[in-house]
Amino acid sequence: MNTILPPALLAAVMLAASNLFMTFAWYGHLKNLQSKPWFVAALVSWGIALFEYLLQVPANRIGYTVLSLGQLKIMQEVITLVIFVPFALLYMDQKLSLNYLYAGLCLVGAVYFIFRA
């Protein structure tokens, strides 16, 4: 595959976009569809999740050409936290707590161990 971005970076960008859709599919209904029946929220979430999968599946295939499965998974978890924290703070109006910092530090350790030679 000839792209401008290296495969690992392209995968990361696609996974970040995928994760944005995932976060809204999983949690956005808590803010926007609270008054609707659960099955309406589920159907809307499934519709949003389609776009997640349209990005996530090719991203994982691209990433797997240069990363191990473990590296790909840890990269996804870091991306998840990078997307989720601003979503929780800015969109869902949650308060910032030290738990976000602690979770981030745990992921830094996971990144170190999975990517070390």
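Assorted remarks:
- Scope the stretch 62-72; condition surrounded by 14 or more Cβ atoms within 10 Å (Cβ to Cβ) and part of a helix (DSSP H, G or I); matching residues: I62, G63, Q71, L72
- Among residues of the stretch 33-44 that are over 14 Å from M22 (Cα atoms), those with a Cβ under 7 angstrom from a residue that is of a type outside the set (V, I, T) and surrounded by 13 or more Cβ atoms within 10 Å (Cβ to Cβ), sequence gap 6+ or separate chain, pair up as L33/A41; V40/L33.
- Of all residues in the stretch 76-90 being aliphatic (A, V, I, L, M) and out of contact with any Leu (no Cβ under 7 Å at 6 or more places or on another chain), the one that is nearest to Y27 (Cα to Cα): A88
None of the figures in this text is laboratory data; all of them are computed from the coordinates on show. Values in this document were obtained by computation on a predicted structure and should not be read as measured data. Counting neighbours? That spans all protein chains shown, and the Cβs are built from the backbone with ideal geometry, glycine included.
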